1. Quickly run through the range 101-111 and pick out the residues that are exposed (fewer than 15 other Cβ atoms within 10 Å of the Cβ) and touching a strand residue (DSSP E or B) at 6+ places or on another chain (Cβ under 8 Å).
2. Looking only at residues that are surrounded by 19 or more Cβ atoms within 10 Å (Cβ to Cβ) and closer than 12 Å to Pro101 by Cα in the range 153-168, which one is nearest to the chain's Cα centre (by Cα)?
3. Out of all the residues in the range 78-99, which are of a type in the set (Val, Ile, Thr) and at pLDDT below 95?
4. Scan the range 4-54 residue by residue and report those that are polar (S, T, N, Q), without any contact (Cβ under 8 Å) to a residue 40 or more places away in the chain and farther than 26 Å from Phe231 by Cβ.
5. Can you tell me which condition Lys172 does not meet? The list is (1) at pLDDT 90 or above; (2) out of contact with any Lys or Arg (no Cβ under 8 Å at 6 or more places or on another chain); (3) open to solvent by less than 40 Å² (accessible area, probe 1.4 Å), and all the others hold.
6. Within the range 32-52, is even one residue part of a strand (DSSP E or B), farther than 15 Å from Ala126 by Cα and among the small types (Gly, Ala, Ser)?
7. Among (1) assigned to a loop (DSSP other than H, G, I, E, B); (2) modelled with pLDDT of 80 or more, which single condition is Thr103 missing?
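The values are calculated or read from the model by the stated rules, or taken from the named source; none is laboratory data. Computed from a prediction, not measured in an experiment: that's the story for all the values here. No Cβ is skipped: glycine too gets one built from the backbone with ideal geometry, and neighbour counts run over all protein chains shown. Surface accessibility is based on the protein's heavy atoms, side chains included, excluding ligands, DNA and RNA. Shrake-Rupley method; radii C 1.70, N 1.55, O 1.52, S 1.80 Å.
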Amino acid sequence: MATGRRSHEIDYEIIGESIQMVEVELDPHETVIAEAGAMNYLEEGISFETKMGDGSEPDQGLMGKLLSAGKRAITGESLFMTHFTNRGSGKKRIAFAAPYPGTVVPLNLAELGGEILCQKDAFLCAAMGTKVGIAFNQRLGTGLFGGEGFILQKLNGDGMAFIHAGGTVVRKELKGEKLMVDTGCLVGFTQGVRYDIQRAGNLKSMVFGGEGLFLATLQGHGTVWLQSMPFARLAQRITSLYANQKGEGSVIGGLGNLFGD
């Protein structure tokens, strides 16, 4: 770990095109933290341990760890995180992937102001020393109508962190202008970007537009990451097709019923 750094300095490689994973290279005694169940494979010499908390504050007492775990529980994540450490004598590799198709976004927190806010299920893994917490949007409109955007994950540190998004990821640089986004399409944003929820057009548009009743608005100076295929939208589409029996499989199934077994 470099002098003056809080986080371990890890190397990485993004593998794949449309369904990606990240392979992290650990020097001896380096550690990466990850959500439970995110690991795909690891090389001999890497040991892992499930702990309460992200390990960013090693002197934190039991009550502090319980408080941090409770905050993670609010976002629907596990109370525990897995710590992977290279106990071998040379470089070792370990890979992580999210449970649904999409893109892995590498974030150098040192170059992004030391803090990122992202959707509550976006975090994948990060260098040891990264603090994984939560943030509540203080806007009343966001709290009432923001849905998944009301409670955000907050990543603090000066090392590499990796988040996951569905489909293709678009990076936007805001220089004071306002960007309006479907609430589910927002992946994350840096400091300097204000986040709120506004009504989507007039009453007719809200009822018949099909774009949702409210949109996220982002304005300020900073970076915003957007995803083309939010998992919630994909799941809703699949559920709707299954319920209405409009998928291709249902057509084939209907022909099978017509001619008998």
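1. Going residue by residue through the range 101-111, those that are exposed (fewer than 15 other Cβ atoms within 10 Å of the Cβ) are 106, 108, 111.
Residues satisfying the conditions are Pro106, Asn108.
2. Looking at residues that are surrounded by 19 or more Cβ atoms within 10 Å (Cβ to Cβ) and closer than 12 Å to Pro101 by Cα, I get His164.
3. Our first condition is that a residue be of a type in the set (Val, Ile, Thr); within the range 78-99, this holds for 82, 85, 94.
Selection gives Thr82 alone.
4. Of all residues in the range 4-54, those polar (S, T, N, Q) come to 7, 18, 20, 31, 40, 47, 50.
Subsequent filtering for residues that are without any contact (Cβ under 8 Å) to a residue 40 or more places away in the chain retains 50.
Those that are polar (S, T, N, Q), without any contact (Cβ under 8 Å) to a residue 40 or more places away in the chain and farther than 26 Å from Phe231 by Cβ: none in the range 4-54.
5. (3)
6. For the range 32-52, residues part of a strand (DSSP E or B), farther than 15 Å from Ala126 by Cα and among the small types (Gly, Ala, Ser): present.
7. Only one criterion in (1) assigned to a loop (DSSP other than H, G, I, E, B); (2) modelled with pLDDT of 80 or more is unmet by Thr103, namely (1).
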